[in-house]
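Heads up, the thing below is written out as structure tokens.
The values are calculated or read from the model by the stated rules, or taken from the named source; none is laboratory data. Model, not experiment: these values are computed from the prediction. Note that we place each Cβ from the backbone using ideal geometry, even for glycine, and neighbour counts take in every protein chain shown. Calculation scope for accessible area: heavy atoms of the full protein, side chains included, ligands and nucleic acids excluded. Shrake-Rupley method; radii C 1.70, N 1.55, O 1.52, S 1.80 Å.
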Amino acid sequence: MNLDFAQIVPYIPFILEGIKGTLLVTLISVVLGFFWGSILALIKISNVKVLNWLAVVYTSVFRGTPLILQLTFVYFATPQLTGYNISQLEAAVLTFTLNSGAYISETIRGGILAVDKGQWEAAKALGVPYHRMMLDIILPQAVKNILPALVNETIALLKESALVSTIGLADIMQNANVVKGTIFRYFEPYMIAGILYYVMVMILTWVARVLERRMRLSD
């Protein structure tokens with residue numbers, strides 16, 4: 001095999017710089033996606049049929065179209081439609097937030113519906129307002145039950161963030177592509193990128209397991 005990792009050693013720090021872009025897009029999108037998904041989930045279980053229908057249609061659109069299409073549409077079509085020259089980071093965060101919100105909303109909705117009905121009835125009997133019941137009683141239990149699914153969504157988003165390289169955002173994948181075009185070697189830079197993604201996923205998985213154990217101790 002024609003492998004020469006000595007050539008890529010000087011470029012490893014440059015590839016490592018892409019971690020900042022990858023984590024920035026992932027973390028911001030996960031946080032915003034969680035809040036947006038929570039709102040969508042509450043709308044879906046509400047009795048307002050129009051809003052319920054709109055939330056379902058929204059989810060079906062973002063789950064039924066490719067993420068790469070959504071990303072390129074937001075980045076390239078926004079200036080045409082609005083006249084606003086959206087930045088690469090803004091386009092990436094907006095796209096991943098809207099997309100992950102659609103998936104997370106279904107996860108949270110399932111978690112809410114899985115909470116024992118006795119919790120709902122007890123809160124209503126005590127006269128707890130609906131918004132306080134959801135924030136203080138129902139949602140905390142729902143999040144606890146769906147934590148593994150939320151972690152899986154975060155991991156998926158971390159890996160899917162590599163798509164931002166298609167719009168030129170400086171992440172791990174984009175920097176690996178730059179190195180590839182500089183030294184005209186493919187295996188070595190992509191191997192380094194793959195190792196970085198794998199290490200980040202393993203760290204995230206470990207943090208999630210620690211969090212799960214601590215939450216179980218509180219039962």
The one condition Gly127 fails out of (1) out of contact with any helix residue (DSSP H, G or I) (no Cβ under 8 Å at 6 or more places or on another chain); (2) in a helix (DSSP H, G or I); (3) of a type outside the set (A, V, I, L, M, F, W, C) is (2)
So which pairs qualify, if the first residue must be in segment 52-64 and of a type outside the set (A, V, I, L, M), the second must be open to solvent by 60 Å² or more (accessible area, probe 1.4 Å), the Cβ gap must be under 7 Å, and the two must be at least 6 apart or on different chains?
Arg63/Tyr103
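Which of the residues belonging to segment 106-119 are assigned to a helix (DSSP H, G or I), of a type outside the set (Asp, Glu) and more than 15 Å from Thr154 (Cβ to Cβ)? Show your work before the answer.
Of the residues in segment 106-119, the ones assigned to a helix (DSSP H, G or I) are 106-114, 117-119.
When the remaining residues are screened for being of a type outside the set (Asp, Glu), the result is 107-114, 117-119.
Those that are assigned to a helix (DSSP H, G or I), of a type outside the set (Asp, Glu) and more than 15 Å from Thr154 (Cβ to Cβ): Arg109, Gly110, Gly111, Ile112, Leu113, Ala114, Lys117, Gly118, Gln119.
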Residues of segment 54-85 being open to solvent by 90 Å² or more (accessible area, probe 1.4 Å) and either among the hydroxyl-bearing types (Ser, Thr, Tyr) or on the phi > 0 side of the Ramachandran plot (or both), which ones?
Thr82, Tyr84
List, please: which pairs have Cβ atoms under 9 Å, are six or more places apart or on different chains, and start with a residue in segment 105-120 that is at pLDDT 80 or above and end with one that is aromatic (Phe, Trp, Tyr)?
Ser105/Trp36; Ser105/Tyr58; Ile108/Phe34
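Answer yes if at least one residue in segment 159-169 is part of a loop (DSSP other than H, G, I, E, B), of a type in the set (Gly, Ala, Ser), farther than 27 Å from Val56 by Cβ and touching a residue at least 12 places away in the same chain (Cβ under 8 Å), and no otherwise.
Filtering segment 159-169 down to residues part of a loop (DSSP other than H, G, I, E, B) leaves 168-169.
Among the residues that remain, those that are also of a type in the set (Gly, Ala, Ser) are: 168.
Going one step further and asking which of them are farther than 27 Å from Val56 by Cβ, we end up with 168.
Filter once more, keeping what is touching a residue at least 12 places away in the same chain (Cβ under 8 Å): 168.
Yes, some residue in segment 159-169 is part of a loop (DSSP other than H, G, I, E, B), of a type in the set (Gly, Ala, Ser), farther than 27 Å from Val56 by Cβ and touching a residue at least 12 places away in the same chain (Cβ under 8 Å).
A quick yes/no check of all residues on (1) within 27 Å of Ile195 (Cα to Cα); (2) open to solvent by less than 70 Å² (accessible area, probe 1.4 Å):
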site: Asp4; (1), (2): yes, yes
site: Ile8; (1), (2): yes, yes
site: Leu16; (1), (2): yes, no
site: Ile45; (1), (2): no, yes
From the residues in segment 1-18 that are touching an Asp or Glu at 6+ places or on another chain (Cβ under 8 Å) and assigned to a helix (DSSP H, G or I), which one is modelled with the highest pLDDT?
Gly18
Considering only segment 169-187, how many residues are closer than 19 Å to Thr22 by Cβ and open to solvent by less than 30 Å² (accessible area, probe 1.4 Å)?
6
